[in-house]
Amino acid sequence: LRREFWNYSFQEMGQYDVKANIAFILAFTGQSKLTYVGHSQGTSQMFAALGDPKTAPFVNSKVKKFIALAPIVYLTHITSTFFIRLAKDNLLIDFSKDFGIDEWLPGACSTSSAQSEFQEAVCKVEPIFCDWIISIADFNPKYDNEKMMPIFVEHNPSGTSLRTLIHYKQLILEKDKAAPKFMKYDFGERENEKIYGQKTPPLYDLTNINIPIRGFVGLDDKLGDPTDNSFLAAVMQQMGKNYKQYTYNNCGHMTFMWAINAAPIFNDILNEIASS
């Protein structure tokens, strides 16, 4: 049952969670529409929901505006040492199979003995996989709140599926670095035929987007890379979508949550919400 629970990536989050979250919030508040603000993986699942013809109509009808902080759609230019190492070989995947683990970096309250042994073994072989703050995203005390770090790490990370990491790995390994694809999870040709009815995973069709989107990009972001996000902006503009990109100096991936001086970013976010 536990293995089945973690058998998802941001693809399933876009397919099921985005709609469920929106529906719950609207029912609870009595509102007819909302503004969606997502950070990092929260943007991947929203773009997945908008790029799937089964979920796009609902999202388009219920969301006034999508505010994407540190968007993660295209990943061919990332400089995150964690994900570069992840893409290099199957070390992490092989270790997870050996230990029967399907969750990565669970919260302290949900860490099992098997997970602890798994993480200890992986860290001994490749320390990058455990120095998550620096290697996965980025952290700079010049503009990220170092004093609050002990509190931040009590709550973040709180676990994700290994399939999500593999899905991101597939996007990193896209062969066409200049014009990468945003696609569903690749199960391999045989399974793809069963699941999708074709040998390759389907591309997300971003022409389905029919709401304003605002991308917020840190120029020092190692995961939501500025080059990848410039490509995203260009794709949106070529499709004639209502897309505007904000860029920030001295801003990395985690700065959107952990900034010492968050006012410039949050002022822009609040202005966009007010104009939704």
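The values are calculated or read from the model by the stated rules, or taken from the named source; none is laboratory data. As the structure is a computational prediction, the values presented were derived from the model and not from experiment. So basically every Cβ, Gly included, is an ideal-geometry build from the backbone, and we count neighbours across all protein chains shown. Quick note on the areas: whole protein, heavy atoms, side chains included, nothing else; ligands and nucleic acids left out. Shrake-Rupley method; radii C 1.70, N 1.55, O 1.52, S 1.80 Å.
Going by the alpha-carbon gyration tensor, a ≥ b ≥ c the square roots of its eigenvalues, is segment 1-47 rounded (a/c under 1.5) or, if a/c is not under 1.5, prolate (a/b greater than b/c) versus oblate?
oblate
Cut-off 10 angstrom, C-alpha nodes, Gaussian network model of the chain. Which of ALA68, ALA27, ALA262 fluctuates the most?
ALA27
Would you calculate, for the chain, the mean residue ellipticity at 222 nm contributed by helices, counting each DSSP H stretch of 4 or more residues as -39,500 (n - 2.57) and dividing by all residues, to the nearest 500?
-12500 deg cm²/dmol, from helical runs alone.
Which one of GLN11, GLN45, GLN198 has the biggest mean-square fluctuation once the chain is modelled by GNM with Cα springs under 10 Å?
In the Gaussian network model the winner is GLN198.
Keeping all protein chains in position, work out how much accessible area SER275 exposes to a 1.4 Å probe, and write it in Å² to the nearest 10.
80
Starting from the Cα of LYS124, step 7 Å along the direction of its Cβ; do the same at GLU4; then give the gap between the two resulting points in nm.
3.4
State, to one decimal in nm, how far the label point of ALA263 lies from the label point of ASP205, with both points 7 Å from Cα in the Cβ direction.
The answer from the label model is 4.7 nm.
Give the percent of DSSP beta bridges with both residues in the chain that are antiparallel, rounded to the nearest 5.
If we restrict to bridges inside the chain, about 20 percent are antiparallel.
For segment 179-220, what relative contact order do you get, as a whole percent, if you take Cα pairs closer than 8 Å and at least 6 residues apart?
Worked out over segment 179-220, it gives 32 percent.
Tell me which label goes with the value of mean projected area of the Cα convex hull in nm² computed from the coordinates here: (1) 15.3; (2) 24.4; (3) 12.9.
From the options (1) 15.3; (2) 24.4; (3) 12.9, the structure gives (1).
At a threshold of 8 angstrom on Cα-Cα distance, excluding pairs fewer than six apart, so keeping six or more, what relative contact order does the chain reach in percent?
26
In debye to the nearest 20, how big a dipole does the chain give about its Cα centre with +1 on each Lys and Arg Cβ and -1 on each Asp and Glu Cβ?
Approximately 880 debye in magnitude.
Past 25 Å, Cα to Cα: identify those pairs from LYS62/LYS199; LYS64/LYS241; LYS64/LYS199; LYS97/LYS169; LYS124/LYS184, in the order given.
LYS62/LYS199; LYS64/LYS199; LYS124/LYS184
Work out how much length PHE187 to ASN250 would gain on full extension: take 0.36 nm times their residue separation and subtract the Cα-Cα distance, in nm to one decimal.
Computed gain between PHE187 and ASN250 is 18.8 nm.
Largest first, how would TRP6, TRP258 line up by accessible area (1.4 Å probe)?
TRP6, TRP258
How much length is gained on full extension from TYR196 to THR79, taking 0.36 nm per residue of separation minus their Cα-Cα distance?
That pair, TYR196 and THR79, stretches by 39.0 nm at full extension.
How would you rank 146-153, 19-26, 82-89, highest first, on the average number of other Cβ atoms within 10 Å across their residues?
With the highest mean Cβ count within 10 Å placed first, the list reads 82-89, 19-26, 146-153.
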